Amino acid sequence: MTNQPIVNVFEDEEHMIGALAERIVDMAAACQKRTGRFVAALSGGNTPRPLYEKLASEPFVSRMDWESCFFFLSDERCVDHASSESNYNMIRQCLLQKAPVPEENIFATRFQEEDPVKSAADYQSIIENFFGNGGAVPAFDLILLGMGPDGHTASLFPGTAALDEKERLVVANFVEKFDAYRITFTLPLINRAEHVFFMVTGHAKSEIVASVLSDESTDYPARLVGQADSDYAGGAENRELCTITWYLDKGASSLLDLAATPT
Ligand code: 6PG
């Protein structure tokens with residue numbers, strides 16, 4: 001069983017980013033009303049930069065209750081956080097330094113440069129301690145993801161060991177094409193989220209978007225998000241699977257036969 005994703009297509013990146021910012025502000029308010037907090041894992045890469053900058057600017061920055069927002073990273077490169085390669089560095093520059101997010105509400109990886117395996121285990125402990133829900137897989141309110149042209153998401157790349165991880169929530173995943181480790185959420189953790197948003201733009205990704213959304217014979221990592229395989233769905237719980245929503249611009253959706261979503 002797979003959760004049927006919701007696909008929203010926008011005329012261009014600007015409209016997509018605007019709709020995403022509205023959706024996230026509304027979602028945060030609803031979560032904070034229900035539980036007192038909004039807990040999100042943010043994606044790295046380039047696509048989310050304008051979203052983070054939008055959320056850190058008016059009118060959105062004044063609409064968010066940042067004191068009750070808590071941010072994690074869905075993956076990180078094994079570099080110093082000061083590096084231009086670091087997802088944390090990008091998110092800090094685009095969002096966390098501009099919006100009034102309390103320092104103690106931001107959870108970055110540690111030791112990722114010197115010891116990826118230790119860093120992954122440490123990050124899993126940080127997440128489990130934060131949620132403190134007695135061994136059940138933590139359920140993020142939102143996990144924001146991108147997708148590469150090869151169908152990878154977070155740092156779950158095709159053919160890498162992390163794709164087969166059924167127990168751990170965060171692992172150090174060796175990615176051959178980079179000859180480097182990445183720290184990444186695993187599918188059990190991603191599939192436990194209440195909501196997963198994919199944001200993908202550009203014609204260059206139109207083929208992979210069409211394959212991931214329409215070709216059931218493929219097993220691209222992004223397609224495994226939302227799979228109800230009990231191995232991947234965060235253990236034995238039979239909770240509702242995460243709701244998956246794709247935010248696409250017309251370029252990325254050009255091989256899908258969907259009309260643009262009015263914005
Ligand atoms: C990373 C991201 C990665 C990213 C995709 C898409 O660490 O780079 O987590 O999964 O979302 O590679 O990247 P772009 O948004 O730059 O195309």
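Each reported figure results from applying straightforward, stated rules to the coordinates on display, with no laboratory input. All values derive from a computational prediction rather than experimental measurement. Backbone-built Cβ (ideal geometry, glycine too); neighbour counts: all protein chains shown.
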Can you find, among Pro158, Ser211, Ala19, the residue farthest towards the positive end of the dipole of the chain? Put +1 on the C-beta of Lys and Arg, -1 on that of Asp and Glu.
Ala19
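Dipole magnitude of segment 5-64 about its Cα centre, charges +1 at Lys/Arg Cβ and -1 at Asp/Glu Cβ only, in debye to the nearest 20?
Values: 7 positive and 8 negative charges, 105 e Å.
In debye, rounded to 20, segment 5-64 gives about 500.
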Net dipole in debye of the chain [+1 Lys, Arg Cβ; -1 Asp, Glu Cβ; about Cα centre; nearest 20]
480
Could you work out the relative contact order of segment 110-159? I mean the mean sequence separation of Cα pairs under 8 Å and 6+ apart, divided by the number of residues, in percent.
16
Kirkwood Rh, Cα atoms: Rg over Rh of the chain:
0.93
Kyte-Doolittle cut-off -1.0, length cut-off 27 Å along the helix's own axis using Cα: show which whole DSSP H helices in the chain pass.
13-35
Segment 46-138: proportion of alpha-carbon pairs further apart than 19 angstrom, %
46
Given a cut-off of under 8 Å on Cα pairs at least six residues apart, what relative contact order in percent is computed for the chain?
25
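Based on DSSP H runs of at least 4 residues, each adding -39500 (n - 2.57), what is the mean residue ellipticity at 222 nm of the chain after dividing by all its residues, to the nearest 500 deg cm²/dmol?
Numbers: 8 runs with 72 residues, N = 263.
Roughly -7500 deg cm²/dmol at 222 nm, from the helical runs in the chain.
Rank these for me by crowding, Thr218, Thr109, going from fewest to most other beta carbons within 10 Å. Display every interim value, and only then the final one.
Values: Thr218 15, Thr109 24.
Lowest count first: Thr218, Thr109.
So if I place +1 on the C-beta of Lys and Arg and -1 on the C-beta of Asp and Glu, and nothing else carries charge, what would the dipole magnitude of segment 1-143 be about its Cα centre? I want it in debye, nearest 20. Each step should come with its number before you reach the end.
On the way: 12 positive and 22 negative charges, 82 e Å.
Approximately 400 debye in magnitude.
For segment 143-235, compute Rg over Rh where Rg is the Cα radius of gyration and Rh is the Kirkwood radius from the inverse mean 1/r over Cα pairs. Walk me through the intermediate numbers first.
Working: Rg = 12.6 Å, Rh = 13.4 Å.
My calculation puts Rg/Rh at 0.94.
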